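Let me begin by presenting the structure, written as structure tokens, before commenting on it.
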Amino acid sequence: QKEVEQNSGPLSVPEGAIASLNCTYSDRGSQSFFWYRQYSGKSPELIMSIYSNGDKEDGRFTAQLNKASQYVSLLIRDSQPSDSATYLCAVEGGNKLVFGAGTILRVKS
Amino acid sequence: DAGVTQSPTHLIKTRGQHVTLRCSPISGHKSVSWYQQVLGQGPQFIFQYYEKEERGRGNFPDRFSARQFPNYSSELNVNALLLGDSALYLCASSLLRISTDTQYFGPGTRLTVL
């Protein structure tokens, strides 16, 4: 079983819609969770961090964490073509980040 | 403020050669981590250095080594290159080494092994 699992996609949504990205993890002891965005050929860029159960909002982005279900999600409201990228879920695992393989998001104009 | 910097941007080597990649963390950050990202996969942890000491090592062969200097910059060395070492090598810096601390990535070094 992979430590961090994401649907590889691609996830296609129309411009202006809500994109929902999901991630599950195996280490129940993990305390920190991160979403990174990665454009093709570029390095990962931090979008959100979340440490407590519940929702955390930052502009058009909302991260959701449910430690009991070992589940993290990212909602992108009013999706824009510029949001088209690979979204990486990262889970803290003893002073290192453990990444999922990423979900490709395509926003169609 | 400058972000994480890495050099070189791109590198082409042949099998069996050695390579050295360099990273300068964000000013004030004391922790540097190295990751390897193969096309289509998420980054894989290689090393973490904090205060010039190795604090974590991922599942990579001994051909991979690293060090951190007094100014907190870091080098990643890979010996006896294999075709499978072709990847994007990412350096990430964080202020501390605690698990809740955010890691910020540099632009990466694209290594191609022929």
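Assorted remarks:
- Close amide-amide hydrogen proximity is noted between A:Arg106 and A:Leu11, A:Ser12, A:Val13, each under 5 Å apart and 5 or more residues distant or on a separate chain (H modeled in the peptide plane; Pro and chain starts excluded).
- For chain A, averaging the sequence separation of C-alpha pairs within contact (under 8 Å, six or more residues apart) and dividing by the residue count gives a relative contact order of 38 percent.
- Here is the list for segment A:52-93: trypsin sites (Lys or Arg not before Pro) lying in DSSP coil, each with at most 13 other C-beta atoms within 10 angstrom of its C-beta, are A:Arg77.
- Rh by Kirkwood over Cα pairs, then Stokes-Einstein D for segment A:50-109 at 1.002 mPa s and 20 °C, µm²/s: 166
- Remark on segment B:21-111: ratio of C-alpha radius of gyration to 2.2 N^0.38 Å is 1.01.
- Across all directions, the average flat footprint of the convex hull enclosing the Cα atoms of segment A:1-46 is 4.6 nm².
- Positive-end residue, the protein assembly as shown charge dipole about Cα centroid, Cβ charges, pick of B:Thr9, B:Tyr104, A:Asn95: B:Thr9
- Descending semi-axes in Å of the protein assembly as shown, equivalent ellipsoid built from Cα gyration tensor: 29, 20, 16
- Computed from the Cα positions only, the extents of chain A along the three principal axes stand at 41, 28, 22 Å, in decreasing order.
- GluC sites (Glu not before Pro) within segment B:1-97: DSSP coil, no more than 14 neighbouring Cβ in 10 Å: B:Glu51
- Förster radius 45 Å - calculated FRET efficiency between A:Ser109 and A:Lys67, Cβ distance, rounded to 0.05: 0.75
- Taken residue by residue and averaged, Cβ atoms of other chains lying within 10 Å of the Cβ of A:98-104 number 3.
- Our summary of shape: the Cα atoms of segment B:1-46 have principal axis extents of 37, 22, 15 Å, ordered from largest down, in whole angstrom.
- Relative contact order of segment B:25-114, defined on C-alpha pairs under 8 angstrom at six or more residues apart (%): 31
Computed from the coordinates by the stated procedures, all read-outs in this text should not be read as laboratory data. These numbers were taken from a predicted model, which means no experiment stands behind them. As a convention, Cβ positions derive from the backbone with ideal geometry for all residues, glycine included, and neighbour counts pool all protein chains shown.
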